[in-house]
Amino acid sequence: MTAWNIAFVAGCVAVGGVAGTLVPAWVARLPDPARPDEEFDRESADAVSGEVDRGIGGTGGSGGDDGPEPYDTPVSYAELARWPALPVVAAVATGLTWGLLAWRLGPDAALPAVLYIALAGILLGYVDLRVRLLPNAVVLPSYAVVVGLLGGAALVTGAWTRLAWALVGGAALWLFLALLGTLAPSGLGFGDVKLAGVLGVGLGWFGLPYVLVGTFAAFVLGGVVSLGLVVAGRAHRKTAIPFGPFLLAGFLLTVMYGEPVLGWYLTR
């Protein structure tokens, strides 16, 4: 690496660390999901919010021994933001992630969109792990942010075809997870579907094969972690495990290593 490359990566680490310190304030400002009236059944409640991450390997909202139902949890977003270690954890995680992405992509026109997804992913991963929700207040605006940033990248580079594939990738991954959620409603929530659409846009910019690799990586990671928890006695077959963090991890790993993986596969 040249001195300029090192400075560029170090700058992204520093800026990412500062951006990560804003995650607690971002979490605290999120509107808590509407809690449906008691006469609503659980399916109706899920439809009202559309934020629930049902998780993998579980049944529905995973209540009872598997943990609190998302709507029954007493933890508000403001309380989640008060975790003492959150500012440091978010700053370190964001700084390291931004540094790795900057090292891998360099000053690529799509880097701002990828860095935004990484920052939003830190917040979404934390919230999903705590209360099995993927807040609409973060996921839905991310469509406009990511498409806008990639549109700017297309304007600068003239890569309008890549922007078109990004939109196709987002639609394809959204439809794929929506189909899975319809066929197995106890396995995926609509929050996962909406997040997948954002990630599909980001991966589609690099090519539709990246969407396939990212999706495959998410399910493999989810399966391996779930199996490990079962073997360790920390979960059982019906335990719901949030799927959002695995979607995000699959996205990051694919951006980092999708090219060599695809190159290896295509040369076999």
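A short reminder: the numbers here are calculations on the coordinates, not readings from a lab. Just so it is clear, the model here is predicted, and its values are computed rather than measured. Quick reminder, even Gly has a Cβ in these numbers, built from the backbone with ideal geometry, and neighbours come from all protein chains shown.
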**OP:** Rank these for me by crowding, VAL89, VAL27, VAL131, going from fewest to most other beta carbons within 10 Å.
**Re:** VAL89, VAL27, VAL131
Original post:
Is region 190-268 rounded, prolate or oblate when judged by the Cα gyration tensor, a ≥ b ≥ c being the square roots of its eigenvalues, rounded requiring a/c under 1.5 and prolate requiring a/b larger than b/c?
Top reply: oblate
Original post:
In nm, to one decimal, how far is the modelled label at ALA171 from the one at TRP83, with both set 7 Å along Cα→Cβ?
Top reply: 3.7 nm
Original post:
Which far-off residues, 5 or more places away or on another chain, put their amide H under 5 Å from the one on GLY189, with H placed in the peptide plane?
Top reply: ARG54, GLY55
**OP:** For region 216-231, take each phi angle, set θ = phi - 60°, evaluate the Karplus expression 6.51 cos²θ - 1.76 cosθ + 1.60, and give the result in whole Hz per residue in order, putting x for glycine and proline.
**Re:** 4, 4, 4, 6, 5, 4, x, x, 5, 5, 4, 4, x, 5, 5, 4
**OP:** Name the long-range amide H neighbours of LEU133: under 5 Å, sequence gap of 5 or more, or other chain; modelled H, no Pro or chain starts.
**Re:** ASP53, ASP128
Original post:
Cα gyration tensor of region 137-200, axes a ≥ b ≥ c as square roots of the eigenvalues: rounded (a/c below 1.5), prolate (a/b > b/c) or oblate?
Top reply: oblate
Subject >> Neighbourhood charge, 12 Å Cβ-Cβ cut-off, centred on LEU173 and excluding it, Lys, Arg +1 and Asp, Glu -1 >> reply: 0
Original post:
What is the fewest-to-most order of THR239, THR94 by other Cβ atoms lying within 10 Å of their Cβ?
Top reply: THR239, THR94
Original post:
Taking θ as phi - 60°, what are the ³J(HN,Hα) couplings along region 101-108 by the Karplus curve (6.51, -1.76, 1.60), each to the nearest whole Hz, with x for Gly and Pro?
Top reply: 5, 5, 5, 6, 8, x, x, 6
**OP:** Would you mind counting up the charge near LEU150? Only other residues with Cβ under 14 Å from its Cβ, with Lys and Arg at +1 and Asp and Glu at -1.
**Re:** 0
Subject >> Neighbour-count ranking [beta-carbon atoms within 10 angstrom, fewest first] of THR182, THR157 >> reply: THR182, THR157
Subject >> Backbone HN-Hα couplings from phi across region 110-124 [Karplus 6.51/-1.76/1.60, Hz, Gly and Pro as x] >> reply: 8, 4, x, 5, 5, 5, 4, 4, 5, 5, 4, x, 4, 5, 5
